[in-house]
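Since the structure comes first, as structure tokens, the remarks are kept for the end.
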Amino acid sequence: MTTVTGTSVPLTHLDAFYIGGEWVRPSSDDSVEVIQPATEDVYATVPFARESDMNRAVAAAREAFDNGPWPRLTHKERAGYMRAMADELRRRTDDLAGIWASEMGILHVDAVTRGARIPGIYETYAGFADTFDWTERHEPAGGGFGLLLREPVGVVGAIIPWNAPIVAASFKIAPALIAGCTVVLKSAPEAPVSAYLLAEVAHSVGLPPGVLNIVTADREVSELLVRNRGIDKISFTGSTVAGKKIAEICAQRVARVNLELGGKSAALVLDDYDVATAAASLAGSATELTGQVCSALTRVIVSRHRHDELVEALSAEFAKVRVGNQFDANTDMGPVAMERQLDKVNQLVAEGIQQGATLAAGGRRPEGLERGYFIEPTILGNVDNHSVVASDEIFGPVLSVIPADNEQDQIRIANDSRYGLNAAVFTDDEDRAWEFARQIRSGTVGHNAHRNSHAIAFGGFKESGIGREGGREGLMPYTETKVIILDREPKNAV
């Protein structure tokens, strides 16, 4: 048990990296302080990886893939380890919730609920041992016997963000493990503690050495991971700017790459839908994780004649939101994760007002909260879709309400974005919702709410990324397709 400034951190190896199945001392004294966003106190201190540490982690994963047992186990054998990880994660749900809330500010009650779902990710992918078509039989042209195999892509470099680190990590680790890959997980320096819990889980279930390696690094050393030729695939969740750089590096050496990037998702409120009902739904989703959700519905597009009515309804909903410490059961929305993020939100809101938007609600530090990275949930009305608050991802509790001339204009505005991650159509008519959804260029389109489903697939169009996470679609990128054509069917074909 490590105790930092009076806060209990339920982990035992925060001074090391997890490499090759062992807790390894870092090569330098470089470290980073994790700040508790509601109090601005130090929550934990973890080491920063340098080049030699990253190389060591990649070498361990490479050795485990090239010469270790993991890729050579059956899928059912690997699934056994994954179910054990799920059981251990379930046992430590309370630890996870405390860590997640402490390092990035998610409401503790929300972290408990969300954390309880994490074991299911590993169990779902363990189930693919029996249900996924790992081997397909074919009759090739010209005769003979053909097999299409889906083999592990190799060593995976997984880079995760700070807003939902345990979720992002699990949707990379679980499909990689069932496919037979080994992994180097690079955690975000702002929120690395969740990854240490994953390391303890992997160690406790006896995951073979080098199958999962975990380090924390800054952008410079993270780039070394991307450039390392021992890494066959990069799976990245984060900003579009960083994703473009990663894609460029991977292209130079033809490494496989998955990118789950930013969003500026549109909510289309059609004229038949009740304004108050729409406002309640949108306000609830806007305050989720204090707006630090890539798929958040942050552009609200409504007919011009209903604009003011919707802004008023949203303002009334936001007035009900109780902002405070994330561990307080009476809090509806906690702080943003860090001072840098708070400064960004404030700056973009100010720029939006300068460009003609109307501040209808929020935009200030809540009264009585002099310490911590707090901001009121904010509504900007009469927003131009080409202004900064409509085009840039704010990653905070800010809604931009955009007036449209008619329904076709709503669709045009929704698609007039470099992003295409999520969207929603608010209407009482499911047939119209279907019609609108087919015209919106987005990876997911929900009906009457902020919706997405990793159980099906999650990802975006345009600059929102490449590839999908979750479900069968999220497993495919961790495999390579191999075709074998023989004269006759072998006796041991599986």
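Things to note:
- Region 265-461: projected area of the alpha-carbon convex hull, averaged over directions, in nm²: 10.7 nm²
- Take the Cα of residue 435, step 7 Å toward its Cβ, do the same at residue 229, and the gap between the two points is 5.7 nm.
- Virtual paramagnetic centre 7 Å along Cα→Cβ of residue 113, amide N under 14 Å, in region 316-334: 329-334
- Helix 193-204 and the longest principal axis of the Cα set of the chain meet at an angle near 30°.
- Principal-axis analysis of the Cα atoms of the chain puts helix 118-131 at an angle of about 50° to the longest axis.
- Ordering of 366-377, 78-89, 180-191 by packing [mean C-beta count within 10 Å, highest first]: 180-191, 78-89, 366-377
- DSSP bridge analysis restricted to the chain gives an antiparallel fraction near 45%, rounded to the nearest 5.
- Using the average count of surrounding beta-carbon atoms within 10 Å as a protection proxy, the listed peptides 213-221, 271-279 rank, highest first, as 213-221, 271-279.
- Computed over region 265-461: relative contact order in percent, which uses C-alpha pairs under 8 Å that are six or more apart: 27 percent
- Taking every DSSP helix (H) stretch of at least 4 residues in the chain, weighting each as -39,500 (n - 2.57) and dividing the sum by the residue count yields a mean residue ellipticity at 222 nm of -11500 deg cm²/dmol.
- A cut-off of 5 Å between modelled amide H atoms, ignoring neighbours fewer than 5 places along the same chain, links residue 158 with 184, 185, 186, 235.
- Among 310-317, 24-31, 285-292, 346-353, the order from most to least packed when residues are scored by Cβ within 10 Å on average: 285-292, 310-317, 346-353, 24-31
- Residue 236 sits among other residues whose Cβ lies under 13 Å from its own Cβ, and their net charge, with Lys and Arg +1 and Asp and Glu -1, is +3.
- A straight Cα-to-Cα reach below 13 Å connects residue 233 with the aspartates and glutamates 480, residues fewer than 8 places away in its own chain not being considered.
- Pairwise FRET efficiency - residue 31 versus residue 370, Cβ, R0 = 30 Å, nearest 0.05: 0.60
- For the chain, the longest principal axis of the Cα atoms and the long axis of helix 430-439 meet at an angle of about 70 degrees.
Coordinate-derived values only; no laboratory data. Since the model is a prediction, treat every value here as computed from it, not as a measurement. All Cβ positions, even for glycine, are placed from backbone atoms using ideal geometry, and neighbour counts span all protein chains on display.
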